[in-house]
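Report on the structure given below.
The values are calculated or read from the model by the stated rules, or taken from the named source; none is laboratory data. In this text, all values refer to a predicted model and were calculated from it rather than measured experimentally. Note that each Cβ is placed from the backbone with ideal geometry, even for glycine, and that neighbours are counted across all protein chains shown. These accessible areas exclude ligands, DNA and RNA; they are computed on the full protein's heavy atoms, side chains included. Shrake-Rupley method; radii C 1.70, N 1.55, O 1.52, S 1.80 Å.
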Amino acid sequence: MALVLTFLKRAAPLPVPALRSWVVGAWLVFAALVLLGLRDLISSLASVTLGNTALILAYVVWLGGTQEHFGGRARWLPWIGVVVGTALGLTWFDAIDHSFRIRVVIVAGLCAAINARHAFVLRRVGKASSSERGIGASITITWLALLTLVYGLRAGHALVLPQGNSGLLTQDVIQVIYTASFTVCNLMLVIGFATMASDHVRVRIEEQAIRDPLTGVLNRRALFASMEREMSRSQRGGHTFCVAMLDIDHFKRINDQHGHPVGDRVLVDTCERTASLIRPHDVFARYGGEEFLILMPETAMPAALHAAERIRNALAVPADASLPAITVSLGLAEWTPSDATVEDLVARADQALYAAKAGGRNRVHAHRSSDR
């Protein structure tokens, strides 16, 4: 599975944040198993100390990777201190004060704590980023919880009952059950990470299909899909809605005088400010060039006019001194049953926008029946 993650990282069509950490963690688990399995062939320091330290470090790396995958920041320094301290403790209880029991309590207890923390973090960040929360996160949380349970039970068993001088590969029932459970849980964890990476790529590809690459707002395709749904809903429920066509006045002049990079920044700034001025359930999209469209569900013309004037006035006040001041014109149209298609409604909003620009720009014009 470490190889699978490695190949997935190379073959992923889009970058996946923290996939490298998940790959490193998988190889650390593999290295830990090899070192622990060679207990009778290599030195105790290499097998017990390095093997268990690699295992604990793998869980730390996986935890940090998940935090970074969801846009958080991993606190590596404290965890590195924990890993180093654990390595020193394992060395002491192996070479100086030999105690298999204490080593099991230390390793299993710490692994249980790290995986419990990982499950908590993944559940919390998954809720905060619902668009990223897919089946991969659910799989990973489930197996993190089971792995926490396995390690917790192993630590509790070692703490309460005598352990003798057994080891990872000792053929007693408890150790066999523990080793098998540990192996399966780690295998499924890697599958969970691979699925989370696939979920991330899928979400990004879906976003690229509906988002304008420059401004990040919805594109025309997504806009018309939203309008089709709203029209169907209005036809069933009998309520109305409005659309507003917004155009940046004299945008060509901005490109000519300041250059296209500045013009692009103006478009992005306009989108960010407009998006902050509309309601959460309104739909804002780039229609083309410097033209944008706002879909206002369950909104009659008087309320739409008020909203459009508020947007126009707000955008006329410069928010970034490094960008040229702008004004915008808006054309409004209210849906009626006579609109056979969403294109008919958009055409009326476009006519209203043309009237606003013909009237001197920097104004709002509502489409009237006489404009047909």
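Arg310 is checked against (1) assigned to a helix (DSSP H, G or I); (2) surrounded by 19 or more Cβ atoms within 10 Å (Cβ to Cβ); (3) under 35 Å from the mean Cα position of the chain (by Cα) and fails just one. What number does that condition carry?
(2)
Quick one: in region 1-29, of everything that is touching an Asp or Glu at 6+ places or on another chain (Cβ under 9 Å) and assigned to a loop (DSSP other than H, G, I, E, B), which residue is surrounded by the most Cβ atoms within 10 Å (Cβ to Cβ)?
Result: Ala18.
Among the residues of region 208-230, are any open to solvent by 50 Å² or more (accessible area, probe 1.4 Å) and more than 26 Å from the chain's Cα centre (by Cα)?
yes
Quick check on my filter: what residues within region 326-358 are open to solvent by 40 Å² or more (accessible area, probe 1.4 Å) and over 14 Å from His250 (Cα atoms)?
Listed by number, the residues that qualify are Glu334, Thr336, Pro337, Ser338, Ala340, Thr341, Glu343, Asp344, Ala347, Asp350, Gln351.
Restricting to region 292-316, name every residue that is of a type in the set (Asp, Glu) and on the phi < 0 side of the Ramachandran plot.
If the condition is that a residue be of a type in the set (Asp, Glu) and on the phi < 0 side of the Ramachandran plot, then Glu309 is the only one that fits.
Gly263 versus (1) closer than 17 Å to Ser234 by Cβ; (2) crowded, with 18+ Cβ neighbours inside 10 Å; (3) out of contact with any strand residue (DSSP E or B) (no Cβ under 6 Å at 6 or more places or on another chain): which is the lone unmet condition?
Going through (1) closer than 17 Å to Ser234 by Cβ; (2) crowded, with 18+ Cβ neighbours inside 10 Å; (3) out of contact with any strand residue (DSSP E or B) (no Cβ under 6 Å at 6 or more places or on another chain) one by one, Gly263 breaks only (1).
Taking Ile254 and the conditions (1) surrounded by 20 or more Cβ atoms within 10 Å (Cβ to Cβ); (2) part of a loop (DSSP other than H, G, I, E, B); (3) touching a Pro at 6+ places or on another chain (Cβ under 9 Å), which numbered condition does it fall short on, given that it satisfies the others?
(2)
Against the definition (hydroxyl-bearing (Ser, Thr, Tyr) and closer than 13 Å to Pro17 by Cα), how does Thr66 come out, yes or no?
The answer is yes for Thr66.
Hey, can you tell me all the residues within region 295-306 that are assigned to a helix (DSSP H, G or I) and open to solvent by 20 Å² or more (accessible area, probe 1.4 Å)?
Within region 295-306, Met301, Pro302, Ala303, Leu305, His306 qualify.
Here is a list: Ala285, Ala321. Which entry is modelled with pLDDT of 95 or more and among the small types (Gly, Ala, Ser)?
It is Ala285.
Of the residues Ala113, Ala74, Ala128, Ala137, which single one is of a type in the set (A, V, I, L, M) and modelled with pLDDT of 95 or more?
Ala113
Can you name every residue in region 30-47 that is within 30 Å of Val201 (Cβ to Cβ) and open to solvent by 30 Å² or more (accessible area, probe 1.4 Å)?
Across region 30-47, the qualifying residues are Phe30, Ala31, Leu33.
Looking at Ser234, Ser276, can you tell me which residue is assigned to a helix (DSSP H, G or I), of a type in the set (Ser, Thr, Tyr) and under 23 Å from the mean Cα position of the chain (by Cα)? Spell out how you get there, then give the answer.
Details: Ser234 fails: under 23 Å from the mean Cα position of the chain (by Cα).
The conditions single out Ser276.
Which residue, of Thr240, Thr274, is farther than 30 Å from Val61 by Cβ, in contact with an Asp or Glu (Cβ under 7 Å, 6 or more places away or on another chain) and at pLDDT 85 or above?
None of the other options fit; the residue is Thr240.
Could you look through region 58-85, keep only residues that are in contact (Cβ under 8 Å) with a residue 24 or more places away in the chain and open to solvent by 50 Å² or more (accessible area, probe 1.4 Å), and pick out the one that is farthest from Phe100 (Cα to Cα)?
It comes out as Gly71.
Checking Ala349 against (1) free of Cβ contacts under 8 Å to residues at least 12 places away in the same chain; (2) closer than 18 Å to Glu290 by Cβ; (3) not in a loop (DSSP other than H, G, I, E, B), which test does it fail?
(1)
(1) surrounded by 20 or more Cβ atoms within 10 Å (Cβ to Cβ); (2) assigned to a helix (DSSP H, G or I): which one isn't true of Phe292, the others all being true?
With respect to (1) surrounded by 20 or more Cβ atoms within 10 Å (Cβ to Cβ); (2) assigned to a helix (DSSP H, G or I), Phe292 is out only on (2).
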